[in-house]
Amino acid sequence: MKPVRHPDAPAPGDPLGAHYEHCFGCGPGQPHGLHLEARAGEGVALTAEFTVQPAHQGAPGLAHGGVLATALDETLGSLNWLLRTVAVTGRLETDYVRPVPVGTTLHLAAEVTAVAGRKIYSRAVGRLDGPDGPVAVRADALFVEVKVDHFIDHGRPEEIQAAMSDPDQVRRARAFEVNP
Ligand SMILES: CCCCCCCCCCCC(=O)SCCNC(=O)CCNC(=O)[C@H](O)C(C)(C)COP(=O)(O)OP(=O)(O)OC[C@H]1O[C@@H](n2cnc3c(N)ncnc32)[C@H](O)[C@@H]1OP(=O)(O)O
């Protein structure tokens, strides 16, 4: 089925912000995190940027492949906010096309391609130097819709409690309310 953008999804160009202070992908409270910044696009698509820091190295001077997979995972996961669906990554298939040096800003673009029941299919691409730069990484993903109980049942109580008390209403809604 073709994905349907939720009527209350952020307007094209609007920043999505972090869904959780301590998220390694987007949270401002993670000193060595990716601090990935995503913006809504048209339809069920978005763009994101992430600048590779020295803490993200694998080989000397190059981004670690797992960190790049994290950037793709986070970007793809952010798409679910445009559907207003809470979902987790079930499958993430990554192609590494070019090395990504420290200091590079990776320009990511992602879209949901189909929705089938609880399954959300999406893909992303990351480019060097700019939104039209050479492709460095690509991913295809399957996210699976879950109930909020998924996090409450499996997460550590301290963090769950703290996130539920987050004074930022939007972030709390993204973390803990399903709002179809
Ligand atoms: C509050 C914060 C909010 C915001 C949260 C935002 C977080 C953003 C962070 C980035 C995203 C992440 O990293 S999330 C963290 C990483 N991911 C995880 O921890 C997920 C761990 N895995 C699981 O919990 C589980 O395996 C699930 C939820 C994915 C699926 O389990 P389930 O609920 O029992 O469902 P299940 O019946 O198995 O699967 C449902 C359908 O999906 C298909 N399916 C499931 N897994 C796969 C797979 N790997 N490859 C192919 N297909 C699959 C099944 O065949 C089935 O298809 P059919 O029979 O219906 O056709």
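Quote the relative contact order of region 34-99 in percent (integer), defining contacts as alpha-carbon pairs under 8 Å separated by 6+ residues. Worked out over region 34-99, it gives 29 percent. For the residues A110, A139, A55, a GNM of the chain with alpha-carbon springs under 10 Å puts the largest fluctuation on A55. Out of the total accessible area of the chain (probe 1.4 Å, heavy atoms of protein only), what percent is carbon and sulfur? Answer for the chain: carbon and sulfur cover 53 percent of the accessible area. With the largest listed first and rounded to whole Å, the semi-axes of the equivalent ellipsoid of region 88-164 from the Cα gyration tensor are 30, 18, 10. When +1 charges are put on Lys and Arg Cβ atoms and -1 charges on Asp and Glu Cβ atoms, the dipole computed for region 37-176 relative to its Cα centre reaches about 220 debye. Among R127, R138, R91, whose mean-square fluctuation peaks in a Gaussian network model of the chain (Cα, cutoff 10 Å)? Evaluated over the chain, the most mobile residue of the options is R91.
Normalised by the residues of region 1-155, what does the relative contact order come to in percent, with Cα pairs under 8 Å and at least six apart? Result for region 1-155 is 21 percent.
Taking amide H positions as modeled 1.01 Å from N, with prolines and chain starts lacking one, the residues under 5 Å from G90 and 5 or more places away or on another chain are L142, F143, V144. Look at the dipole of region 37-176 built from charges on Cβ: of G43, T75, V102, the Cα furthest out on the positive end belongs to G43.
With the helix formula -39500 (n - 2.57) applied to DSSP H stretches of n ≥ 4, the chain reaches a computed 222 nm mean residue ellipticity of -6500 deg cm²/dmol.
The mean of 1/r over all distinct Cα pairs in region 50-123, once inverted, gives the Kirkwood hydrodynamic radius of 13.4 Å. Converting phi to 3J(HN,Hα) with the Karplus coefficients 6.51, -1.76 and 1.60 and the offset θ = phi - 60°, region 39-56 yields 10, 5, x, 6, x, 9, 9, 8, 10, 8, 10, 8, 9, 6, 9, x, 5, 9 Hz in sequence order, with x at every glycine or proline.
For the chain, the solvent-accessible area with a 1.4 angstrom probe is 53 square angstrom per residue. Across region 125-138, computed HN-Hα scalar couplings (Karplus, 6.51 cos²θ - 1.76 cosθ + 1.60, θ = phi - 60°) run 9, x, 10, 8, 6, x, x, 10, x, x, 6, 10, 9, 9 Hz from first to last residue, x flagging Gly and Pro. Among complete DSSP H helices in the chain, those whose alpha-carbon atoms stretch at least 18 Å along the helix's long axis and whose mean Kyte-Doolittle hydropathy reaches 0.0 are 65-83. Here the scattering of the chain is modelled by Debye summation over its C-alpha atoms, one equal scatterer each and no solvent; at q = 0.09, 0.11, 0.13 Å⁻¹ the log10 of I(q)/I(0) is -0.30, -0.45, -0.64. For E37, the residues 5 or more places off, or on other chains, whose built amide H falls under 5 Å of its own are E49.
If you run the Gaussian network model on the chain, springs between alpha carbon atoms under 10 Å, then out of G65, G25, G133 the most flexible one is G133. Between amide H atoms placed 1.01 Å from N, distances below 5 Å from V102 occur with L62, A63, all of them 5 or more places distant or on a separate chain.
The values are calculated or read from the model by the stated rules, or taken from the named source; none is laboratory data. Since the structure is predicted, the reported quantities are computational estimates derived from the model, not experimental observations. Backbone-built Cβ (ideal geometry, glycine too); neighbour counts: all protein chains shown. These area figures cover heavy atoms from the full protein model, side chains too; ligands, DNA and RNA do not enter into them. Shrake-Rupley method; radii C 1.70, N 1.55, O 1.52, S 1.80 Å.
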